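Since the structure comes first, as structure tokens, the remarks are kept for the end.
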Amino acid sequence: MPTEKHGVGRPLGERVRGALRDWSVPRQVRGQDAERAAAESEGSRRLRPRLEEADRVGTSICPYCAVGCGQLVYARGNQVIAIEGDPRNPINQGTLCPKGSATFGWMQNPNRLTTVKYRAPFSDHWEERPLTWAMEQIAQRIKKTRDATFVKTIEDGVPVNHTTGIAELGGATLDNEENYLIKKLLAGGLGMIWIENQARI
């Protein structure tokens, strides 16, 4: 019972003797090694390392923002069992913000979506579709919208070569190089002018 575990219900003398037995000061006075045996207690001997069951550890980058905090990913077999900050990383030095600390939770969440979901117009349910199908749909719809809304010149004849029919919102995990390439593709290639990034919102 929980009361017996914490000593409640045992005779007072036995509880006092147990406390003295676990207290490190009497053992240190008797000359025991202050850094080892004298510092141990019944409770500390039962403690086990939190990640003792992990058989390997890998490094990763937090997926939440462009800071790029380092993470240690602990696994047993093919199952991730813990994620924490990497103390060797010069950016976060082992710390993680609340979002980064929640990486393990969303990664192992049974409700996490891992397949493409599509709901057709006027449909009342979602369907699973292949990723290749979804990428092709996105490409075709971008081309169709651009062709229908592309403006070469404005009223006074000034060339603009743009479309206001498509907007883009980038993710905060994108680095400078990725944002550069996205800007070149969307603005220079497709003529989009509504380009924004989640990190600024």
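Odds and ends about this structure:
- Every residue from the stretch 63-84 that is over 23 Å from residue 176 (Cα atoms) and either crowded, with 19+ Cβ neighbours inside 10 Å or hydroxyl-bearing (Ser, Thr, Tyr) (or both): 72, 73, 74, 83, 84
- Selection status of residue 60, surrounded by 14 or more Cβ atoms within 10 Å (Cβ to Cβ) and either part of a loop (DSSP other than H, G, I, E, B) or not charged (D, E, K, R) (or both): yes
- If only residues of the stretch 104-145 that are small (Gly, Ala, Ser) and under 30 Å from residue 162 (Cβ atoms) are counted, the one that is surrounded by the most Cβ atoms within 10 Å (Cβ to Cβ) is 134.
- Among the residues of the stretch 64-82, those that are at pLDDT below 90 and in contact with a helix residue (DSSP H, G or I) (Cβ under 8 Å, 6 or more places away or on another chain) comprise 64, 65, 66.
The values are calculated or read from the model by the stated rules, or taken from the named source; none is laboratory data. Quantities reported herein were computed from a predicted structural model and do not represent experimental measurements. Cβ coordinates were reconstructed from backbone atoms using ideal geometry, including for glycine residues, and neighbour counts include every protein chain displayed.
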